[in-house]
Amino acid sequence: MKPILAIDYGDKRTGFAKSDELLLIATPLEVFPTQPVDKLINHIIDLIAEYDIGLILLGVPYGTKTRITPQTEKVLKFKEILEKKINIPIIEFDEVYSTKSAIDKIHQIGKKYHQIKNKIDSYAAATFLQEFLDFHVNDQIKDLLKEE
């Protein structure tokens, strides 16, 4: 199966993670500047080609009680722009606490925030991608990712 690319879109930085081809493990990739958006989109297109990505999992911070926040609106606007530039499916995934969860996990292994702050967005993307892999991958998702 083709891997999944997770995107943690932020105001300043965007984090990326990818799954393995068996859809078992999420791995942080990198962090890339969000602005200018056209460079970011070109970078995403490059990642899709480099890793033969079959699906994008876009982290959308819905907030508590699935509220639409200003950040939610920014991410959804980015999704609209991205959909016009690529031809693979994009699935939204609630990532409201993914950065906090990633920081907590980093602390559990004895690292300090300042040691990983430049990579935290990719760890956040890996965190919500792993949750998706563990609890939300079903036959419909697998059909989208089958090799042609």
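The values are calculated or read from the model by the stated rules, or taken from the named source; none is laboratory data. From a predicted model like this one, the values you see are computed outputs, not experimental measurements. Neighbour counts are summed over all protein chains in view; Cβ atoms, including those assigned to glycine, are modelled from backbone coordinates with ideal geometry.
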It is to be established whether one or more residues within the range 53-71 are exposed (fewer than 12 other Cβ atoms within 10 Å of the Cβ) and modelled with pLDDT of 95 or more. no
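Quickly run through the range 11-41 and pick out the residues that are out of contact with any strand residue (DSSP E or B) (no Cβ under 8 Å at 6 or more places or on another chain) and either of a type in the set (Gly, Ala, Ser) or surrounded by 12 or more Cβ atoms within 10 Å (Cβ to Cβ) (or both). Outline the logic, then answer.
The first filter runs over the range 11-41 and keeps only residues out of contact with any strand residue (DSSP E or B) (no Cβ under 8 Å at 6 or more places or on another chain), leaving 11, 21-22, 24, 35-38, 41.
Passing the criteria: Glu21, Val37, Ile41.
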On the basis of being farther than 15 Å from Leu129 by Cβ, hydrophobic (A, V, I, L, M, F, W, C) and touching a residue at least 24 places away in the same chain (Cβ under 8 Å), does Leu40 make the cut? yes
Given the conditions (1) among the charged types (D, E, K, R); (2) modelled with pLDDT of 95 or more; (3) touching a helix residue (DSSP H, G or I) at 6+ places or on another chain (Cβ under 8 Å); (4) crowded, with 16+ Cβ neighbours inside 10 Å, and given that Lys2 satisfies all but one, which numbered condition is not satisfied? (3)
